[in-house]
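A.B. asks: Below is a structure I'd like to ask you about.
Coordinate-derived values only; no laboratory data. Not measured: the values here are computed from a predicted model. Positions of Cβ are generated from backbone atoms using ideal geometry, with glycine treated the same way; all protein chains shown enter the neighbour counts.
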Amino acid sequence: MYVATDHGHRQICVVSTARYVPMARVRPEALAQEPVPTATSKRDALMRSVYADTVRWRQQATTPVAANHQARSVQPTMPTHVASEPHLSLSEMASAVASEAIRRHPSNEGHVPDQIIVCGTSLEHDLALSCAGRLHSEHGSTGVPFAIGQMQGVAFFLALQVAADMMAGDDRMHTALIVAAERWLPPYSRRTGSLTVLADGAAAVLVRRGSCPGWHVRSLTVCTPSASLSIPPPDICIDEAAVVEVIEETCAHAGLTTAAFDWIMPPRINTALACNVSAKARLPVWRMWYPQPGDIGYLCAADAPAQLHLLLQTVVPSDGQRILLWSAGFQGQAACAVLEFRGS
């Protein structure tokens, strides 16, 4: 488990956000009936074999050693529609939100991020293309770009943690652009057991070190299971006990009670799970910000930053307001962050 708080040089602030969710919507049952497209080139055939091998490995994965926390199935509230991108590639969606987040930077001058961190779970369809490399080339970041993958919604929180640690260790690093994008192509299935249906989309968050106006990361906790659980279990599930523990740990490090938040933002997995975790963590359910959970599906690595962008576009913040965000991976990962607005 890793914990970061905003004491001294670890202070980071969200200065701008962006989100892209395609307009196209597909019913989950229709997705299950879609035929796998025929490969049209050698590169396409190779990429499709990579997808197929990964899917086959997941299906044949052996049952891992039992987790420290007992995970339990939750009766789901499945999305009624899923956002599906018909044209743009994963990196094209990522490029769009990265440019928008940089454009939204409060500075009047063109801003170049010091570091770019890409988050994702799905694969770029073009094997010759690196999403992180493309963003680095387009925006000229000074640091070497890299990606965090296979942690689903927790990837964004880990990226925040890594950005805070990098800024703490390098006085020359002042800003980091975190970009998350997902596009699910056959033969990958969009269904994640009985939890939800995966959606296409992208989001970006630009963070800065120092006491600038904006939403400051007051406390952040990321928890991952032991190495013995690295192989995903056949039945995908959320470890509720781990999530509740991480929420409590994050609140304790921030010195806050669970009643101290203006908004609570769970992942778009299903409402039953979100309410159950909130109740166990003693979070006020009436402050849970969960708009239309069945409208687009679960954006996976892009879920938390996409929801954060949507919330920040609908509120007029004032000093001291707080947001609690939590998420969970499908193999026992858990994460939570507390953001606090400071206008000066």
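A.B. asks: Would you mind ranking Thr142, Thr257, Thr192 by Cβ crowding within 10 Å, fewest neighbours first? All intermediate terms of the calculation are to be shown ahead of the outcome.
C.D. replies: Details: Thr142 13, Thr257 10, Thr192 18.
If I rank by nearby Cβ atoms, fewest first, I get Thr257, Thr142, Thr192.
A.B. asks: Sticking with this one: Using a Förster radius of 41 Å, what is the FRET efficiency between Thr258 and Ser49 based on their Cβ-Cβ separation? Nearest 0.05, please.
C.D. replies: 0.30
A.B. asks: Full extension from Val112 to Ser99: what is 0.36 nm times the residue separation minus their Cα-Cα distance, to one decimal in nm? Don't skip to the answer; put the middle values down first.
C.D. replies: Working: separation 13, 0.36 × 13 = 4.68 nm, distance 1.04 nm.
Separation in residues times 0.36 nm, less the Cα-Cα distance, equals 3.6 nm.
A.B. asks: May I ask you to sort Arg172, Arg208, Arg282, Arg191 by Cβ crowding, counting other Cβ atoms within 10 Å and putting the fewest first?
C.D. replies: On the way: Arg172 8, Arg208 25, Arg282 13, Arg191 16.
If I rank by nearby Cβ atoms, fewest first, I get Arg172, Arg282, Arg191, Arg208.
A.B. asks: Full-extension gain between Arg287 and Asp171, please, as 0.36 nm times their residue separation minus the C-alpha to C-alpha distance.
C.D. replies: On the way: separation 116, 0.36 × 116 = 41.76 nm, distance 3.78 nm.
Value of the extension gain: 38.0 nm.
A.B. asks: Further, regarding this structure: Find how much the distance from Arg25 to Ala272 grows on full extension, using 0.36 nm per residue of separation minus their present alpha carbon separation; answer in nm with one decimal. Mind dumping the intermediate values first?
C.D. replies: Details: separation 247, 0.36 × 247 = 88.92 nm, distance 2.28 nm.
Result: 86.6 nm gained on full extension.
A.B. asks: Taking neighbour counts of Cβ atoms within 10 Å as a proxy for exposure, in what order, fewest first, do Leu299, Leu129, Leu88 appear? Don't skip to the answer; put the middle values down first.
C.D. replies: On the way: Leu299 27, Leu129 13, Leu88 17.
Fewest-to-most Cβ neighbours within 10 Å comes out as Leu129, Leu88, Leu299.
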